[in-house]
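The structure appears right after this line, and notes come after that.
The values are calculated or read from the model by the stated rules, or taken from the named source; none is laboratory data. None of these values were measured; they are calculated from a predicted model. Because the Cβ atoms are built from the backbone with ideal geometry, glycine has one as well, and the counts that use them run over all protein chains shown.
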Amino acid sequence: MKKIGITTTVPIETIYAAGCVPVDLNNRFVASPDPASLIGTAEREGWPRNMCAWVKGIYGTALQSDDIETVIAVTRGDCSNTEALMETLQHHGVTVIPFAYPHDRDAAALEAETRKLAETLGATWEATLAVHEKMKPARENLIAIDEMTWRTGAVSGGENFSWLISSSDFEGDPEGFAKRSGEFLREASQAQPTANEGVRVALLGIPPIFADLFDFLDAKGARVVFNEIPRQFSMPHHALGLVEQYRRYTYPYDIFFRLKDIRREIARRNVEGVIHYAQSFCYRQIQDIIVRDEIDLPILTLEGDRPGPLDARSRLRLETFVEILQLKRDGQGPQPKEK
Ligand code: SF4
């Protein structure tokens, strides 16, 4: 089956309905045995050093993947660098299909754009809707995995992240994914609940590029009970229909729409502190100003650049932040937002 590269979450139902398989280039980039070499590919071609490593990694991955000849690029609702990414890939002979989330979340415009994508790929609308139905078991399992993370603690923050982030392409096999995630759920339901252990932390923003963030937080006594963007990738509102699912998906829309979801989730998950991940050289870093103003909890803004383990400074900042939350939980005075 033909593989189609994606640079962020798009209506993958259209891709499967066309008899193709989506490949999330972000996941392929970080899972690569040598992600630094993929960034190097981009930099050797002239991509600036002071540009986000994710976008350079996507570029290097797309060029070095012999099985990817076509890429869907989100021209509105993802990244300010996408247009240049599209053009440089096209320059290398990659076929690029644009997709744009409507700025105002207008249902008719979103449906028209999704139908256009389906048509471009060679899928009918009926087949696209049928795939949406077939994906329900996998998406239901992800909702259950998320629930078991914050309600009982039977699923760790790292496990939650891995499962939810993989739903951007379902690893090329939604039915196999449903089966594997169902087995994981059965095993997790036998696990010892740990809901009261560790301070409860939310992780907001772009998926972190650090490889050991969850292990480090676990070791320091913090549990991630809310992975904001991976949860969005899993489409928790899928039951409302294909178009509504992508209207409720917060990532492509403005920060205020995202904040409504964030506030609701941190309240019901009893979150005690927030880590806002900001990627170096990403325009979304600017949104940190609003996030810090709008969320009334201790917030740590964590910046990452290249793939790999946490650097010493980030480890120290995280450790201090967790200690602050632990002191706060123990009633040792309110703490200011950590800068
Ligand atoms: S982290 Fe920011 S700059 Fe980098 S690819 Fe994502 S949206 Fe673009």
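Of all residues in the stretch 1-45, which are charged (D, E, K, R), free of Cβ contacts under 8 Å to residues at least 40 places away in the same chain and in contact with a Ser or Thr (Cβ under 9 Å, 6 or more places away or on another chain)? Answer for the stretch 1-45, where residues must be charged (D, E, K, R), free of Cβ contacts under 8 Å to residues at least 40 places away in the same chain and in contact with a Ser or Thr (Cβ under 9 Å, 6 or more places away or on another chain): just 28.
Is at least one residue of the stretch 211-224 more than 18 Å from residue 322 (Cα to Cα) and under 17 Å from the mean Cα position of the chain (by Cα)? Yes: one or more hits.
Residues in the stretch 177-219 that are surrounded by 22 or more Cβ atoms within 10 Å (Cβ to Cβ), away from the ligand (no atom under 16 Å from the Cβ) and not in a helix (DSSP H, G or I): 198, 199, 200, 201, 202.
Among the residues of the stretch 46-60, count how many are in contact with a Pro (Cβ under 9 Å, 6 or more places away or on another chain) and in contact (Cβ under 8 Å) with a residue 40 or more places away in the chain. The total comes to 3.
Of 288, 293, all but one fail to be free of Cβ contacts under 8 Å to residues at least 12 places away in the same chain and either outside any loop (DSSP other than H, G, I, E, B) or under 30 Å from residue 124 (Cβ atoms) (or both); the exception is 293.
Looking at residue 9, is it in a loop (DSSP other than H, G, I, E, B), in contact with a Pro (Cβ under 9 Å, 6 or more places away or on another chain) and either away from the ligand (no atom under 13 Å from the Cβ) or at pLDDT 95 or above (or both)? For residue 9, the condition - in a loop (DSSP other than H, G, I, E, B), in contact with a Pro (Cβ under 9 Å, 6 or more places away or on another chain) and either away from the ligand (no atom under 13 Å from the Cβ) or at pLDDT 95 or above (or both) - is met. Tell me yes or no: at least one residue of the stretch 230-238 is within 16 Å of the ligand (Cβ to nearest atom), under 17 Å from the mean Cα position of the chain (by Cα), aromatic (Phe, Trp, Tyr) and within 23 Å of residue 170 (Cβ to Cβ). Yes, the stretch 230-238 has at least one match. Taking the criterion of being buried (at least 19 other Cβ atoms within 10 Å of the Cβ), closer than 13 Å to residue 62 by Cβ and within 19 Å of the chain's Cα centre (by Cα), the residues of the stretch 23-41 that qualify are 23, 24, 25, 26, 28, 29. Considering only residues in the stretch 49-88 that are more than 12 Å from the ligand (Cβ to nearest atom) and assigned to a loop (DSSP other than H, G, I, E, B), the one that is surrounded by the fewest Cβ atoms within 10 Å (Cβ to Cβ) turns out to be 66. The combined condition, being outside the structural domain of residue 208 (by TED's automatic domain parsing) and within 14 Å of the ligand (Cβ to nearest atom), is fulfilled by residue 24.
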